[in-house]
Amino acid sequence: MQIVRQVKPEKMAFGLFHGALLLFGIGGKLRFTANGRSVTLNPGCFCLLSDEAWRGALCPELPQGHFEGFFLSVEVEAADAWSNCSLGIFAPDFSAVLEQIRDFGPGVALNGGIHGEHVFRELYEAAEEKEVIFTRLKLAELFLLLNRIPIQPEAEAYLPRGQELLIRHLRDHIISDELHYSSLEELAVEHGISVSFLQKSFKQVYGMPVYQYLKSYRLEKAAAALQNSDRSVTKIALDAGYTNPAKFSEAFRRQFGLPPSNYRRNNQNQNG
């Protein structure tokens, strides 16, 4: 059963594709004009492009000198049928997600949320695997993410190329080594910048302070664990950096509107 029209997502290339496509960014920056609108794709962002919109795209630019990404076109009925049969209560609603994306219209750069860059890249790399099932599972994970996050337009960050690349590198450093990450001061000294520059630039690129971003990222991972595993809330809280389950529950409720146990139960009921 074919979920992705191309057996694997197409790595970035300028060309003509047929049908409605989702274009995902995982590295660098791409800027072009479609439907009279300027589109800028950063890592972790994506947009819907109709065949007509892509054919009419004008003057593609690479402000950072490179761009990594992939096109994805989903056969919705086949995707929903496969995921419901294979994943049961964990099956994403492909139709609902695509409908939500279509509401923004083609050519609007959308933000994939805090966890987006990693999930996009994992799907990109999964395309190299010979086992089709692995790519399908990563595709399902992608749509579970898009179904959970509040999809919203991307806010353009106006920073020189070198500064934006540095901030995105620092973000990757922070989340990949989050358990051992100690202070902004150490991170700033390591990269030869001031703490105030780091804080200001990080907020300009990601829309929130570093500590708030890291906290939200951990809670995003906790929400995914609640939805996709049967691990206890206490263990998930510990992984998110909370030794006190009550404080974890309070922080989780502020971000997602429900306590962890209710969030898990609601997701199971919706997919049951």
- Message: Run the simple label-point estimate for residue 186 and residue 246 please: 7 Å along Cα→C-beta, distance reported in nm.
- Response: 3.1
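State, as an integer percentage, the relative contact order of the range 140-258 based on alpha-carbon contacts under 8 Å between residues 6 or more apart.
Details: 57 pairs, mean separation 22.3, N = 119.
For the range 140-258, the relative contact order is 19 percent.
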- Task: Once every Cα of the range 161-207 carries one equal point scatterer and solvent is ignored, give the base-10 log of I(q)/I(0) from the Debye formula at q = 0.17, 0.27 Å⁻¹, two decimals.
- Result: -0.43, -1.11
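Looking at this model, which pairs from 200/247; 29/203; 138/247; 203/235; 138/200 are more than 26 angstrom apart at the alpha-carbon? Numbers along the way, then the final one.
Details: 200/247 28 Å; 29/203 18 Å; 138/247 32 Å; 203/235 30 Å; 138/200 34 Å.
In this structure, 200/247; 138/247; 203/235; 138/200 exceed 26 Å between Cα atoms.
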- Taking H as built 1.01 Å from N, whose amide H comes closer than 5 Å to the amide H of residue 110, not counting residues under 5 places away? 46, 47, 154
- Rounded to the nearest 0.05, what FRET efficiency do residue 173 and residue 255 give with R0 = 25 Å and r taken as the Cβ-Cβ distance? Could you check? 0.60
- Order of 64-74, 254-264 by packing, highest average Cβ count within 10 Å first? 64-74, 254-264
- Query: Simple spin-label model, 7 Å along Cα-to-Cβ: residue 122 to residue 212 in nm?
  - Reply: 2.7
- In square nanometres, what is the average projected area of the Cα convex hull of the range 212-271? 3.6
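Rule-based calculations on the coordinates, nothing more; no lab input. Computed from a prediction, not measured in an experiment: that's the story for all the values here. Positions of Cβ are backbone-derived with ideal geometry, glycine not excepted, and every protein chain shown enters the neighbour counts.
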